[in-house]
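Working notes, beginning with the structure itself.
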Amino acid sequence: MIVLTKLKAYLEGLRGKRILVLGLGVSNRPLVRLLLQHGLDVTGCDKAPAPDEELKALERQGAKLHLGPDYLKDLAADVIFRTPGMRPDVPEIAALVAHGAVLTSEMEAFFEVCPCPIIAVTGSDGKTTTTTLIAELLRRAGKTVWVGGNIGQPLLDQAGEIGPEDVAVLELSSFQLMTMRQSPHVAVVTNLAPNHLDVHRDMAEYVAAKKNLFLHQGPQDILVLNADNEITVSFAEQARGKVRWFSRKTPADVYLEGERVLRRDGTEILRRSQIKLPGLHNVENYMAAIAAVEGVVSDETIRTLAAEFGGVEHRIELVREKDGVRYYNDSIASSPTRTIAGLRSFDEKLILIAGGYDKHIPYDVLGPEIVEHVKTLVLTGATAEKIRQAVLAAPGYRPGCPEILEEADFYDAIHTAARCAGPGDVVMLSPASASFDHFRNFMERGEEFKKTVRDL
């Protein structure tokens, strides 16, 4: 098979080279295992002070481990695989590159060896839902689909199983895109707003990283853009392939008119009432997905999925109803715009749990939305004070509207929210912040929220 030859050729090209894998998290452990299976010289580096059982197993298989606070010191390499959350210009990495080392990543390697068409999604909001919708639509259309990137599993070690008629659907973050030198066949940008400014130097760098999703496309490729977002509209000037637009405000390739989702020629695809997922933002996610699979998936398949699909885990996920109170897990909302979308999905005022790790992004846009949609705000984490100040400064804020409470402990915040709730209320965890102050990622935070709520 061509795929085996392509993957094997890539791995053979690494033979005799000193390989560094920087960061031994979820995406890179399968990478280390793959490299070892092919008899390659691998050193895994991580700030963890000691190896866990899985790392010990990799060490027994031949991996050299360089762990602890000085894990980036005294390194030599010909090829460096960077974990997504690590900047490529870290001085130790830059020095190795200056001496001839090649800097890459698990995802960049996958782009090199993948034998099938790739559809990739990025943006500030809606990435996960849009990626999932595209994958589900293609599956229902009879395609074999591989989902990876920020969701699903790392795909490089599975490349040998992928066929040329399959489709890879990827969610890609700005961190993954910073050094990307290849682009997918179909690139989707849902929207852009300030995010991850704790890692990126500024908004300009963040936007530049996102552009790598399409800057390496060819004339036969497709770029799907949000016509309602100023930044994504500007991307069209640099598009290398055909641009498809979606919009909820103006006629486009896929657009919303009243309650109907239409094509540019006026053909009705589905009605908003047929979409099980709540919220206008999910209509936008559907429109982006529809534009991405145009010509491959039938309207009947789109309507069937819309009626059945209940959403992505950790995205406005109903956890339980207890004593007339509904509890929702929206842990994936790690920025103000995501939380705003969640708040707008409900007609009633909510009890909101918010706050977490500080990514150095502005919260001023969140304040008015909380005033409009929240009756009790329970704050926790490093961003609690920033969110509080955004609410106090919001037009229309009156003392006690919303009531603002604060708990230092995440679990205490959940219990406080529950005590404030009565029959008919909605309690939602939608932090508007990252999770890294207390949890490894938003998934772990969401799971802890669900466990605590189920134990109430």
* Structure fact -> Counting only residues in region 85-95 that are surrounded by fewer than 21 Cβ atoms within 10 Å (Cβ to Cβ) and in contact (Cβ under 8 Å) with a residue 12 or more places away in the chain, the one farthest from Val26 (Cα to Cα) is identified as Glu92
* Being outside any strand (DSSP E or B), in contact with a Pro (Cβ under 9 Å, 6 or more places away or on another chain), buried (at least 17 other Cβ atoms within 10 Å of the Cβ) and in the same structural domain as Glu300 (by TED's automatic domain parsing), is that true of even one residue in region 129-152? -> yes
* Does Cys116 satisfy being more than 25 Å from Ala307 (Cα to Cα), under 28 Å from the mean Cα position of the chain (by Cα), among the hydrophobic types (A, V, I, L, M, F, W, C) and in a loop (DSSP other than H, G, I, E, B)? -> yes
* Of these, Leu225, Leu215, which one is assigned to a loop (DSSP other than H, G, I, E, B) and crowded, with 16+ Cβ neighbours inside 10 Å? -> Leu215
* Given (1) in contact with a Gly (Cβ under 6 Å, 6 or more places away or on another chain); (2) closer than 23 Å to Leu223 by Cα; (3) not charged (D, E, K, R), number of the condition Thr128 does not satisfy -> (1)
* To do: Identify, from the list Ile162, Ile151, the residue that is under 14 Å from the mean Cα position of the chain (by Cα), modelled with pLDDT under 95 and not hydroxyl-bearing (Ser, Thr, Tyr).
  => Ile151
* Exclusive hit being surrounded by 21 or more Cβ atoms within 10 Å (Cβ to Cβ), of a type outside the set (Lys, Arg) and touching a residue at least 12 places away in the same chain (Cβ under 8 Å), set Ala382, Ala432 -> Ala432
* Asked: Could you give every pair whose Cβ atoms fall below 8 Å, whose first residue belongs to region 123-142 and is closer than 13 Å to Ala306 by Cβ, and whose second residue is of a type in the set (Lys, Arg) and buried (at least 24 other Cβ atoms within 10 Å of the Cβ), counting only separations of at least 6 or pairs across chains?
  -> Thr129/Arg315
* To do: Pick out, from region 368-454, the strands (runs of 3 or more DSSP E) lying fully within it that include 1 or more residues that are more than 18 Å from Lys349 (Cα to Cα).
  => 403-406
* Asked: Within the group Leu352, Leu379, Leu405, which residue is closer than 30 Å to Tyr206 by Cα, at pLDDT 95 or above, touching a Ser or Thr at 6+ places or on another chain (Cβ under 7 Å) and not basic (Lys, Arg)?
  -> Leu352
* Kindly indicate whether Arg326 is in the same structural domain as Val426 (by TED's automatic domain parsing), of a type outside the set (Gly, Ala, Ser), surrounded by fewer than 21 Cβ atoms within 10 Å (Cβ to Cβ) and not in a loop (DSSP other than H, G, I, E, B). => yes
* **Selection status of Arg33, among the basic types (Lys, Arg) and either touching a residue at least 40 places away in the same chain (Cβ under 8 Å) or closer than 11 Å to Thr83 by Cα (or both)** => yes
* Asked: Within region 383-412, can you find the residues that are charged (D, E, K, R) and within 22 Å of Thr452 (Cβ to Cβ)?
  -> Glu403, Glu406, Glu407, Asp409, Asp412
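The values are calculated or read from the model by the stated rules, or taken from the named source; none is laboratory data. The structure presented is a predicted model; accordingly, all values stated were derived computationally and were not measured. Cβ sites come from the backbone with ideal geometry, for glycine too, and all protein chains shown count toward neighbours.
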